[in-house]
Amino acid sequence: LKMCPGRVIAKLLCSGEKEVDLAVQSAKAAFKVWSQKSGMERCRVLLEAARIIREQRDEIATLETINNGKSIFEARVDIDISWQCLEYYAGLAGSLAGEHIQLPGGSFGYTRREPLGVCAGIGAWNYPFQIACWKAAPALACGNAMVFKPSPFTPISVVRLAEIFTQAGVPKGLFNVVQGGVATGQFLCQHPDVAKISFTGSVPTGVKIMEMAAKGIKPVTLELGGKSPLIIFSDCALENAVNGALMANFLTQGEVCCNGTRVFVERKILDTFTKEVVKRTQKIKIGDPLLEDTRMGALINRPHLDRVQNFIKQAKEQGAQVLCGGDLYVPDDPKLKNGFYMRPCVLGNCTDDMTCVKEEIFGPVMSVLPFDTEEEVVERANNTKFGLAGGVFTRDIQKAHRVVAALNAGMCFINNYNVSPVELPFGGYKASGFGRENGRAAIEYYSQLKTVCVEMGDVESVF
């Protein structure tokens, strides 16, 4: 397993069909116990898990940095969001309820909100611990069990989460972890005792998971890729917009699905904005992600670094101008010389038909595009197969609300970007997937409604 310094830090066995079945059967047995607990009982266990994570925040963040390569500064934020997610759904667990409906003649009906059973969670490598919590927290709050498969590139921190759940008091096997790649994921999705699949990752893999789920008529939540627009109007607060553009492009080395990588800038401030973005980008501290002042660590692995580099090469061939960065970075520390580092890149002279503007790069590459009118930029922003996120920077609040209402995207930001409060639903439109994580909306995707109709008189027969 190669990590940011290019060293093997651990070797794990892939879970085959037998191991996946054992994990599912173990989760199935735990589900029988967990699903019978009251919401308040589940609440207390989730709160205890949140407490442990909060208490071990720095230790888990260090593990995540080694796992993924992101800066320790960012990893701590991820861990904070993780325990907040568990606390949020702990709070909802005791309030889950159906409703009572009065019918004629004293008869009545009611609905029960019931768990699905064993849910499969399949995570991505950019936010390994946080994604696992985003999936596990609502699933467990609703009374489900979960078998989780992390990315083979980041297998470590989710195992720690499983240990924490056990320590917090969940039934043995309620949150199981299986390790492996495509084959392990297929065994998990196709298992007859898996009731639902929640996947975060690429569009091609999402399509395959939908196909597998269709054969078992299993509900799916898909959080896929994006090529999100960030629209900078000339009446913005410039410094704030520059900060937003950096947040929208360079978090976790640019390896973020909702990043606003198509930065549309109103032409009258294009030069001023671009100059400031380039200046700020060049100051980003790259290097050892475990150092407190590092703001950009290493990309996930060598093949991905090569892929990002090829996107930049193709952009130059198609006429884009590299305004800064884009080249490989070799830290001074000899221990890091084999790391997968690159300088964050800003591309100018971009047009909508360039590959770097149309395809998800998933690296620290920002494409800057000029625009002239609101109507024009909205049409161009929506001209994509993706629809995960979008952002607007302007002092005109009416215009801000008007533009986000017109954007075909599931997560929109006004005068900020890449803010992910657990109270708000997260998910996409179009090829970016469907279903929602976080917020009350996620409860709908981890439970099912049963309707009960009660007759208080004699049955009237038509026969």
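Annotation: of all residues in the stretch 287-315 being surrounded by fewer than 15 Cβ atoms within 10 Å (Cβ to Cβ) and of a type in the set (Lys, Arg), the one that is farthest from Ile361 (Cα to Cα) is Arg302.
Here Phe199 clears all of (1) farther than 30 Å from Val33 by Cα; (2) modelled with pLDDT of 95 or more; (3) not polar (S, T, N, Q) except the condition numbered (1).
Within the stretch 414-438, residues that are in contact (Cβ under 8 Å) with a residue 24 or more places away in the chain sit with their Cβ atoms under 9 Å from residues that are of a type in the set (Phe, Trp, Tyr) and assigned to a loop (DSSP other than H, G, I, E, B), at 6+ positions apart or across chains, in these pairs: Gly428/Phe386; Tyr429/Phe386; Lys430/Phe386; Ala431/Phe386; Ser432/Phe386. Residue count for the stretch 145-161 under the criterion of being under 15 Å from Ile122 (Cβ atoms) and in a helix (DSSP H, G or I): the result is 2. Would you confirm, using the coordinates I've provided, whether Arg280 is under 30 Å from Glu59 (Cα atoms), out of contact with any strand residue (DSSP E or B) (no Cβ under 7 Å at 6 or more places or on another chain) and modelled with pLDDT of 95 or more? It is false that Arg280 is under 30 Å from Glu59 (Cα atoms), out of contact with any strand residue (DSSP E or B) (no Cβ under 7 Å at 6 or more places or on another chain) and modelled with pLDDT of 95 or more. Against the criterion of being open to solvent by less than 40 Å² (accessible area, probe 1.4 Å) and on the phi > 0 side of the Ramachandran plot, Gly254 qualifies. Do you know which residues across the stretch 152-168 are open to solvent by 10 Å² or more (accessible area, probe 1.4 Å) and in contact with a Phe, Trp or Tyr (Cβ under 9 Å, 6 or more places away or on another chain)? Matches in the stretch 152-168: Pro152, Phe153, Arg160, Ala162, Thr166. The residues on offer are Thr221, Thr272, and the sole one that is open to solvent by less than 20 Å² (accessible area, probe 1.4 Å) and of a type in the set (Ser, Thr, Tyr) is Thr221. Which one is nearest to Ile9 (Cα to Cα), of the residues in the stretch 98-112 that are open to solvent by less than 70 Å² (accessible area, probe 1.4 Å) and outside any strand (DSSP E or B)? It comes out as Gly98.
For the condition assigned by the TED database to the domain that holds Val377, of a type in the set (Asp, Glu), within 18 Å of Arg7 (Cβ to Cβ) and open to solvent by 10 Å² or more (accessible area, probe 1.4 Å), Asp327 does not qualify.
The values are calculated or read from the model by the stated rules, or taken from the named source; none is laboratory data. All of these numbers come straight from a predicted model, not from anything done at the bench. With ideal geometry, Cβ positions are generated from the backbone for all residues, glycine too; neighbour counts draw on all protein chains shown. In case anyone asks, the SASA skips ligands and DNA or RNA and just uses the protein heavy atoms, side chains included. Shrake-Rupley method; radii C 1.70, N 1.55, O 1.52, S 1.80 Å.
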